[in-house]
Amino acid sequence: MPGPIDYTKIRIVADPDTKEWWEATKQHRYLVRQCKDCEHKWFPPFPACSKCGSMNLTWMEIKGEGIIHSYVVIEQPILAAFVKAVPYLVAVIELPETREKDGSVTRVAGVLLDNEKDVAIGFRVRPEYEASNDPNMVIPRWKVTAKVPGAKRFDGTKFVPYEKLSQ
Ligand SMILES: [Zn+2]
């Protein structure tokens, strides 16, 4: 598992667009923005729908069962808060619960709790809610919940099934 994030070195201030989202994470609930007019979903919660321009918005609560779409390994911390966390992984995570009529899904970026050897593209993840020094800021991290057969990793030259790399 990566080292700890030093949340005392990050200041997060909720604004009118994110206030409800931060309230939900305190209750270990995951929200994505949803347009009331066209049902498009997205995150982070920009104040207007990117599909139809509407500002008539709501939230959709999901379990957060996601699929790793891609990831990078962070070796150099760009913020002081992450000095002890390296190396850690940031993943692009697909959220199938948000699937729309045209097949598109919302993707979010997430900091994983797993080491690189336990991660592959296609693995399933869920948020785990991490307390910070600020009781109003509970941060979702993501953890692998299932290693899916056929999931792939990059071996330096090509993508290969996870099973072959972990033998
Ligand atoms: Zn819309």
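Do we find that Ile139 is under 14 Å from Pro4 (Cα atoms), surrounded by 14 or more Cβ atoms within 10 Å (Cβ to Cβ), of a type outside the set (Gly, Ala, Ser) and modelled with pLDDT of 95 or more in this structure? Yes, satisfied.
Val32 meets all of the listed conditions (1) free of Cβ contacts under 8 Å to residues at least 40 places away in the same chain; (2) assigned to a strand (DSSP E or B); (3) within 16 Å of the ligand (Cβ to nearest atom) but one, namely (1).
When the range 14-29 is limited to residues that are in contact with a strand residue (DSSP E or B) (Cβ under 8 Å, 6 or more places away or on another chain) and in a loop (DSSP other than H, G, I, E, B), the one that is surrounded by the most Cβ atoms within 10 Å (Cβ to Cβ) turns out to be Arg29. The combined condition, being part of a strand (DSSP E or B), more than 16 Å from the ligand (Cβ to nearest atom) and surrounded by 15 or more Cβ atoms within 10 Å (Cβ to Cβ), is not fulfilled by Ile5.
Only one of the listed residues (Leu165, Leu112) is under 18 Å from the mean Cα position of the chain (by Cα), aliphatic (A, V, I, L, M) and on the phi < 0 side of the Ramachandran plot. That residue is Leu112. Checking the stated criteria, Lys84 turns out to be part of a loop (DSSP other than H, G, I, E, B), closer than 30 Å to Phe154 by Cβ and of a type in the set (Lys, Arg). Glu39 satisfies every condition listed in (1) in contact (Cβ under 8 Å) with a residue 24 or more places away in the chain; (2) away from the ligand (no atom under 16 Å from the Cβ) except (2).
In this structure, does Glu75 turn out to be closer than 13 Å to Pro2 by Cβ, modelled with pLDDT of 95 or more and surrounded by fewer than 13 Cβ atoms within 10 Å (Cβ to Cβ)? When the stated conditions are applied, Glu75 passes them.
Residues in the range 42-55 that are at pLDDT 95 or above, surrounded by 12 or more Cβ atoms within 10 Å (Cβ to Cβ), more than 8 Å from the ligand (Cβ to nearest atom) and assigned to a loop (DSSP other than H, G, I, E, B): Phe43, Ala48. Kindly indicate whether Gly64 is within 17 Å of Thr145 (Cβ to Cβ), part of a strand (DSSP E or B) and either at pLDDT 95 or above or in contact with a Lys or Arg (Cβ under 6 Å, 6 or more places away or on another chain) (or both). In short, no. Note on the range 71-101: residues that are hydrophobic (A, V, I, L, M, F, W, C), touching a residue at least 24 places away in the same chain (Cβ under 8 Å) and more than 19 Å from Gly150 (Cβ to Cβ) amount to 10. Tell me which residues, restricted to the range 56-70, are in contact (Cβ under 8 Å) with a residue 60 or more places away in the chain and small (Gly, Ala, Ser). Hits for the range 56-70 are Gly64, Gly66.
The values are calculated or read from the model by the stated rules, or taken from the named source; none is laboratory data. Remember, it's a predicted structure, so these values are computed and weren't measured experimentally. Every residue, glycine as well, gets a Cβ built from its backbone with ideal geometry; the counts of neighbours run over all protein chains shown.
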